[in-house]
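Visitor: The following block contains the structure, expressed as structure tokens.
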Amino acid sequence: MPDPTGLELIAQELRERHPGAVLDTLHFRGEATVAVEARQVREVLVTLREKGYDFLSSLHGVDYYPEEPRLGVHYQLLDMSAVDRICVKVRVPLDDPHVPSVVDLWPGANHPEREVYDMFGVVFDGHPDLRRILMPEDYEGHPQRRDFPIGGEPVIFTYNEDKIPGWSR
Amino acid sequence: MSTGLSDYRRQEQSITYTAEATGEMGLEQELLTINMGPHHPSTHGVLRLILTLEGEVIRDIKPVIGYVHTGIEKTAEQKSYWKVIPVVERMDYLSYYFNAMAFCSAVEKLLEIEVPKRAQYLRVIHMELNRIMSHLVWLGTSCIDLGAIGVWWYCFREREAVLDLFEMSSGQRMHTRYFQVGGVIEDIPAGWAERVRRFTRTMRTRADQYAALLDRNEIFLQRMRHTGVVDQRTLLDLGVTGPLLRATGHPWDLRKAAPYSSYEDFRFKIPVGTEGDNYDRYRVRHAEIYESCDIIDQALEGLPEGPHITPDRKVALPPRHELATSMEALIHHFKLVTEGFRVPPGEVYAPIESPRGELGCFVRSDGSAKPARVHMRDPSFVNLQMTAAAGRDTYLADFVATLAMIDPVLGGVDR
């Protein structure tokens with residue numbers, strides 16, 4: 001993990017190369033995080049990739065309900081030779097949940113991006129195959145959102161099967 | 001239903017294929033798209049693969065997953081932190097100690113509590129036993145796919161011995177709920193250490209016997225050598241970690257690279273392959289069984305005295321005997337069992353090395369007693385993306401071996 005000073009140096013370099021991209025930096029429990037503006041996240045990730053953080057170890061979605069902007073996408077980058085991790089974080093509002101896709105940079109982002117789309121409804125622009133992955137394709141809603149009700153699944157019987165959305169014989 | 005395509009057909013047609021025939025298609029040739037799974041003995045779970053075949057040769061593979069999605073991450077958000085542990089254990093059902101470890105280390109990171117040395121060692125012992133158990137299930141089931149049923153019986157005999165050890169230390173054979181935030185639930189019972197030593201002694205000779213059965217078996221070698229080769233760069237871009245990456249010669253192992261839970265105290269080697277074919281994948285996992293035995297022996301040898309869980313009563317349950325005499329202990333117990341403990345707000349990511357690669361747990365806390373988000377970076381989920389890279393332009397029969405060596409656990413893939 002870069003120390004607080006190292007994180008600031010990286011953030012400074014990112015600010016110089018991509019004006020307006022870096023919104024905030026955070027050093028918490030030994031983990032370095034850079035908050036980035038959603039439209040420029042691809043360029044920032046390319047720069048970090050050139051700096052050695054060339055392994056995308058994880059990509060996860062977060063719902064910050066009731067805070068705004070609600071949806072968040074985290075990219076956990078790893079530098080294997082220096083054994084160093086950095087997290088890049090973007091936040092997008094619910095009415096414009098668009099984040100550029102990084103599948104062409106890391107093909108391994110394919111399934112994780114589909115999962116975040118499935119669970120949170122974040123649309124990854126440029127993703128080659130953005131379909132639901134864990135939920136059925138005709139499922140309505142994004143179940144990992146914090147305001148998605150639990151226990152609301154109807155049980156299908158013969159008498160009500162026609163009334164269940166998406167269900168057909 | 002109205003005319004036109006049914007919903008089902010529409011969904012099926014939204015899946016795109018990139019396969020193209022190589023060369024001229026004869027009059028009697030065509031690309032054939034078939035399903036492998038979801039119920040197929042060699043997919044090791046409910047995995048559906050849509051294969052595009054040109055004769056016997058695979059031209060494209062699309063994995064379709066989600067059949068055993070149970071919403072564990074959503075369930076975890078409804079439970080207090082210590083009640084999440086049994087839920088996340090059920091994700092990757094062959095490496096439950098690792099799931100619990102990833103979650104507990106993330107919460108411990110947020111709470112900034114120190115795990116006692118004895119608890120760290122006990123965790124290492126259980127995780128390495130779990131790694132052996134997971135590799136035994138992988139080897140046994142893989143050999144069934146390759147037609148060698150005998151190996152399966154032998155592997156499951158040893159697996160049974162590991163499960164007996166788990167039962168002795170925690171009362172459960174699987175999903176033991178042994179790891180707690182701050183340590184482990186109970187100290188090991190008397191005589192357990194001796195039984196574990198006896199197990200590692202026999203395990204080494206048994207592993208020798210598996211190798212004797214397989215390494216000179218002409219059929220096995222022909223199906224494993226030079227099949228399913230994927231180069232290192234492709235694997236890294238796909239995010240693949242664990243034995244699959246090490247089989248290409250990349251010595252990336254989080255136990256060495258970024259030691260957690262006192263792994264820096266033990267001497268062990270990281271087995272690597274050379275070519276990255278199925279045989280290397282088998283050899284790497286097989287060699288890891290020996291290394292795990294070594295780690296267990298060292299941990300038992302150097303097992304420090306001391307508490308098995310953090311003395312912080314705000315996080316860990318007080319010992320049972322105190323409840324009858326101490327009012328304070330009773331209050332702590334009541335508070336923990338009803339509300340659970342509160343965790344300072346923040347976001348952390350805790351990666352560990354599971355038998356299948358980097359298992360990371362992301363936890364976001366909003367300051368309450370329930371996590372606001374739990375996400376597992378499950379290695380099976382990410383590693384499954386290499387099916388197309390490993391299976392394209394190979395024979396369908398070879399792909400059965402390749403899929404067995406990728407070792408996906410569908411409980412972890414779908415969560």
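Visitor: Of the numbered conditions (1) at pLDDT below 90; (2) under 26 Å from residue B:91 (Cα atoms), residue B:320 fails exactly one; give the number of that condition.
Guide: (2)
Visitor: Separate question: Identify, from the list B:196, B:229, the residue that is part of a helix (DSSP H, G or I), touching a residue at least 60 places away in the same chain (Cβ under 8 Å) and more than 14 Å from chain A (Cβ to nearest Cβ).
Guide: Criteria check complete, one pass: B:196.
Visitor: Suppose the filter is buried (at least 18 other Cβ atoms within 10 Å of the Cβ) and either in contact with a helix residue (DSSP H, G or I) (Cβ under 9 Å, 6 or more places away or on another chain) or within 14 Å of chain A (Cβ to nearest Cβ) (or both); does residue B:330 pass it?
Guide: So residue B:330 does not fit the description; no.
Visitor: Does residue B:235 qualify as being within 26 Å of residue A:84 (Cα to Cα), touching a helix residue (DSSP H, G or I) at 6+ places or on another chain (Cβ under 6 Å) and either surrounded by 15 or more Cβ atoms within 10 Å (Cβ to Cβ) or not charged (D, E, K, R) (or both)?
Guide: Yes.
Visitor: Looking at segment B:56-72, which of its residues are within 19 Å of residue B:402 (Cα to Cα) and surrounded by fewer than 19 Cβ atoms within 10 Å (Cβ to Cβ)?
Guide: B:56, B:57, B:62, B:64
Visitor: Hey, can you tell me all the residues within segment B:334-368 that are free of Cβ contacts under 8 Å to residues at least 60 places away in the same chain and in contact with a strand residue (DSSP E or B) (Cβ under 8 Å, 6 or more places away or on another chain)?
Guide: Hits for segment B:334-368 are B:345, B:347, B:364, B:366.
Visitor: Something else: Could you list, in sequence order, all residues of segment A:106-163 that are within 12 Å of chain B (Cβ to nearest Cβ), of a type in the set (Phe, Trp, Tyr) and either surrounded by fewer than 22 Cβ atoms within 10 Å (Cβ to Cβ) or over 23 Å from residue B:240 (Cα atoms) (or both)?
Guide: A:120, A:139, A:148
Visitor: Determine which single condition residue B:83 fails, assuming it passes every other condition in (1) charged (D, E, K, R); (2) assigned to a loop (DSSP other than H, G, I, E, B); (3) closer than 25 Å to residue B:334 by Cα.
Guide: Evaluating residue B:83 over (1) charged (D, E, K, R); (2) assigned to a loop (DSSP other than H, G, I, E, B); (3) closer than 25 Å to residue B:334 by Cα leaves (2) as the failure.
Visitor: Since residue B:259 meets every condition but one in (1) facing chain A (nearest Cβ under 9 Å); (2) surrounded by fewer than 19 Cβ atoms within 10 Å (Cβ to Cβ); (3) closer than 18 Å to residue B:360 by Cα; (4) not aromatic (Phe, Trp, Tyr), which condition does it not meet?
Guide: Every condition holds for residue B:259 apart from (1).
Visitor: Here's a follow-up. Collect the residues in segment A:87-105 that are within 11 Å of chain B (Cβ to nearest Cβ) and within 24 Å of residue B:366 (Cα to Cα), keeping them in residue-number order.
Guide: Correct list: A:87, A:89.
Visitor: Let me ask you something else. Can you tell me which residue within segment B:319-342, out of those that are in a loop (DSSP other than H, G, I, E, B) and out of contact with any Phe, Trp or Tyr (no Cβ under 6 Å at 6 or more places or on another chain), is nearest to residue A:26 (Cα to Cα)?
Guide: Restricting to residues being in a loop (DSSP other than H, G, I, E, B) and out of contact with any Phe, Trp or Tyr (no Cβ under 6 Å at 6 or more places or on another chain), the top hit is B:342.
Visitor: Determine which member of the set B:177, B:225, B:255, B:198 is over 30 Å from residue B:385 (Cα atoms), of a type outside the set (S, T, N, Q) and in contact with an Asp or Glu (Cβ under 8 Å, 6 or more places away or on another chain).
Guide: Within the list B:177, B:225, B:255, B:198, the selection yields B:177.
Visitor: A follow-up question, please. Name the single residue that is surrounded by the most Cβ atoms within 10 Å (Cβ to Cβ) among those in segment B:369-407 being out of contact with any strand residue (DSSP E or B) (no Cβ under 7 Å at 6 or more places or on another chain) and within 12 Å of chain A (Cβ to nearest Cβ).
Guide: B:380
Visitor: Checking the conditions here, which among B:4, B:26 is of a type outside the set (A, V, I, L, M, F, W, C), on the phi > 0 side of the Ramachandran plot, modelled with pLDDT under 80 and surrounded by fewer than 17 Cβ atoms within 10 Å (Cβ to Cβ)?
Guide: B:4
The values are calculated or read from the model by the stated rules, or taken from the named source; none is laboratory data. Bear in mind that the values here come from a model prediction, so they are computed numbers and not experimental data. Positions of Cβ are backbone-derived with ideal geometry, glycine not excepted, and every protein chain shown enters the neighbour counts.
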